[in-house]
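The values are calculated or read from the model by the stated rules, or taken from the named source; none is laboratory data. Since the structure is predicted, the reported quantities are computational estimates derived from the model, not experimental observations. Neighbour counts are summed over all protein chains in view; Cβ atoms, including those assigned to glycine, are modelled from backbone coordinates with ideal geometry. Only protein heavy atoms, including side chains, enter the accessible area calculation; ligands, DNA and RNA are left aside. Shrake-Rupley method; radii C 1.70, N 1.55, O 1.52, S 1.80 Å.
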Amino acid sequence: MRRVLITGGAGFIGSHVADVLLRAGYEVRLLDNLSPQVHGPLRQRPAYLNKDAELIVGDLTDAFSVDRALRGVDMVVHLASSVGVGQSMYDIESYVRANELGTAILLQTLTKRPVERLLVASSMSIYGEGLGRTADDQVVSPEERSIDQLKRCEWELKDAQGRHLVPLPTPETKQPSLSSIYALNKYAQERMCLIAGKAYGIATIALRFFNVFGPNQALSNPYTGVLAIFAARLLNDRPPLVFEDGLQRRDFVHVRDVARACRLALETDHVNDVFNIGSGRSRSILSVAQDLARVMGRPALAPHITGKYRAGDIRHCFADIEKSRAILGFEPRVGFEEGLDELAGYLADQVADDQAERATEELLRRGLVA
Ligand code: UD1
């Protein structure tokens, strides 16, 4: 039986990857620091974790814990990360430590305890703005929006003549453009794993996840993904707070599809490469706020459009998943509506400590929301 170590395995994505791998006959060990921001002050083993998964509580920056976790392991799925784009812009030291030093320590330990395969969670954030099409049909990699443009509330991306760009699906060939510390961290993780994997003969794959949603996402973490933040607001009978004008577009992919993609990546012969994992569709943040309020039975809680922007945010990005389809055989199965209905069922029993306003104030105080 193959044994897989999942770093960050007690988290949202890790818990689903553990379920998929256990069902497929793998032995699963999780290494997780049970960070209070995600797991609450008591830092207990989450109830949603599969009983058959072994949990080692330890931090990736602690070489001793990593060494212990790697004993007898054949494959590693490296998910452990601090994930808030906004938070990464002021907690720079802790983001670089957790994400980059943590990955470095994992790789350093792997030089002593080699495995056959390494899968690392990268992110769509590394692309910066997704591809766009100009009015005269040119495909371009848009520049980051300037602070001056954002201050004028001109949210949309424009070409050199000031004409709006039409967002296009973004393939893996787009050059990275790193617009937040988090994006930089994710790119560093991806490259470090691919470089070390090649040097040490570890078959390595980086999956660039788009916006993952579904059950088990930490509701009381104000720096988690937007759907969980909106859910926490709605559970407390408050309207979602929407940055910019809400027409920025993202690609929402269901966590079970992501977990299946991880299994495909552990089993493919095509290694030492990167793949997008998204739904291939895009939605505006405003529309998902409205959809979520409706499925949660709170349609009257209309989103509050703040007209503010968050430093490090991009305007539009959604996945071109043709490469994952062709090489990994990846096909998203959970549609957005179906996933949202299921999420509403899950949320009905949840209690959330809504910290969104506190988090926004923190960013405002630091000039990272304006
Ligand atoms: C998210 C993930 C990141 C992942 C990436 C992959 C988190 C915290 N971030 O980043 O880890 O790598 O997807 O695609 O899970 N927004 C609001 N109101 C809010 C919160 C957010 O309007 O209360 C807006 C943001 O301004 C942004 C959009 O929603 O335009 C998405 O934000 P967020 O969920 O933080 O996602 P990403 O930055 O795309």
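If I go through the range 86-104 residue by residue, how many of them are acidic (Asp, Glu), over 14 Å from Met192 (Cβ atoms) and part of a helix (DSSP H, G or I)?
So the first thing to find is which residues in the range 86-104 are acidic (Asp, Glu), and the list is 91, 93, 100.
From what's left, over 14 Å from Met192 (Cβ atoms): 91, 93.
Narrowing the set further to residues that are part of a helix (DSSP H, G or I) leaves 93.
Residues in the range 86-104 being acidic (Asp, Glu), over 14 Å from Met192 (Cβ atoms) and part of a helix (DSSP H, G or I): 1 in total.
One line per residue, one yes/no per condition, for (1) surrounded by fewer than 20 Cβ atoms within 10 Å (Cβ to Cβ); (2) assigned to a strand (DSSP E or B); (3) not charged (D, E, K, R):
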residue: Ile6; (1), (2), (3): no, yes, yes
residue: Val17; (1), (2), (3): no, no, yes
residue: Leu21; (1), (2), (3): no, no, yes
residue: Val28; (1), (2), (3): no, yes, yes
residue: Val38; (1), (2), (3): no, no, yes
residue: Pro41; (1), (2), (3): yes, no, yes
residue: Lys51; (1), (2), (3): yes, no, no
residue: Gly72; (1), (2), (3): yes, no, yes
residue: Ser82; (1), (2), (3): no, no, yes
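So that you can scan it fast, the table gives a plain yes or no per residue for (1) part of a loop (DSSP other than H, G, I, E, B); (2) without any contact (Cβ under 8 Å) to a residue 40 or more places away in the chain:
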{"site": "Ala121", "(1), (2)": "no, no"}
{"site": "Asp136", "(1), (2)": "yes, yes"}
{"site": "Glu143", "(1), (2)": "yes, yes"}
{"site": "Asp148", "(1), (2)": "no, yes"}
{"site": "Cys153", "(1), (2)": "yes, no"}
{"site": "Glu156", "(1), (2)": "yes, no"}
{"site": "Ala160", "(1), (2)": "yes, yes"}
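Scan the range 349-369 and give yes if some residue there is within 16 Å of the ligand (Cβ to nearest atom), of a type in the set (A, V, I, L, M), open to solvent by 50 Å² or more (accessible area, probe 1.4 Å) and in a helix (DSSP H, G or I), otherwise no. Yes, the range 349-369 has at least one match.
Would you point out the residue of the range 53-62, among those that are in a strand (DSSP E or B) and in contact with a helix residue (DSSP H, G or I) (Cβ under 9 Å, 6 or more places away or on another chain), that is least open to solvent (accessible area, probe 1.4 Å)? If we take residues in the range 53-62 being in a strand (DSSP E or B) and in contact with a helix residue (DSSP H, G or I) (Cβ under 9 Å, 6 or more places away or on another chain), then Ile56 is least open to solvent (accessible area, probe 1.4 Å).
Between Ala289, Ala265, the distinction of being outside any loop (DSSP other than H, G, I, E, B), more than 11 Å from the ligand (Cβ to nearest atom) and aliphatic (A, V, I, L, M) belongs to Ala265 only. Out of the residues in the range 299-337 meeting the condition of being assigned to a helix (DSSP H, G or I), away from the ligand (no atom under 16 Å from the Cβ) and touching a residue at least 60 places away in the same chain (Cβ under 8 Å), tell me which one is most open to solvent (accessible area, probe 1.4 Å). For the range 299-337, the residue satisfying everything is Glu322. Taking the range 54-70 as the range and being within 16 Å of Ala104 (Cβ to Cβ) and out of contact with any Leu (no Cβ under 7 Å at 6 or more places or on another chain) as the test, the residues that pass are Asp59, Asp62, Ala63, Phe64, Asp67. Screening the candidates Asp269, Asp320, Asp251 for the property of being within 30 Å of Lys198 (Cα to Cα), within 20 Å of the chain's Cα centre (by Cα) and acidic (Asp, Glu) yields one hit, Asp320. If the condition is being free of Cβ contacts under 8 Å to residues at least 40 places away in the same chain and either crowded, with 24+ Cβ neighbours inside 10 Å or within 13 Å of the ligand (Cβ to nearest atom) (or both), then the range 189-224 contributes no residue at all.
Listed conditions (1) under 30 Å from Arg71 (Cβ atoms); (2) of a type outside the set (A, V, I, L, M); (3) within 15 Å of the ligand (Cβ to nearest atom) are all met by Arg97, apart from (3).
Here is a yes/no grid of residues against (1) more than 16 Å from the ligand (Cβ to nearest atom); (2) farther than 30 Å from Leu364 by Cα:
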| position | (1), (2) |
| --- | --- |
| Lys51 | yes, yes |
| Asp59 | yes, yes |
| Ser65 | yes, yes |
| Ala80 | no, no |
| Glu116 | yes, yes |
| Asp136 | yes, yes |
| Val139 | yes, yes |
| Asp148 | yes, no |
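Here Asn276 meets each of (1) in contact with a helix residue (DSSP H, G or I) (Cβ under 7 Å, 6 or more places away or on another chain); (2) in a helix (DSSP H, G or I) with one exception, condition (2).
Candidates are the residues of the range 199-246 that are of a type in the set (Lys, Arg) and farther than 28 Å from Ala265 by Cα; the one that is nearest to the chain's Cα centre (by Cα) is Arg233.
If you go through the range 162-188 and keep only what is open to solvent by 30 Å² or more (accessible area, probe 1.4 Å), in a helix (DSSP H, G or I) and hydroxyl-bearing (Ser, Thr, Tyr), you end up with just Tyr187. For Ile126, are the conditions met, namely being open to solvent by 10 Å² or more (accessible area, probe 1.4 Å) and aliphatic (A, V, I, L, M)? No.
Residues in the range 225-254 that are more than 10 Å from the ligand (Cβ to nearest atom) and outside any loop (DSSP other than H, G, I, E, B) were compared, and the one that is most open to solvent (accessible area, probe 1.4 Å) is Leu235.
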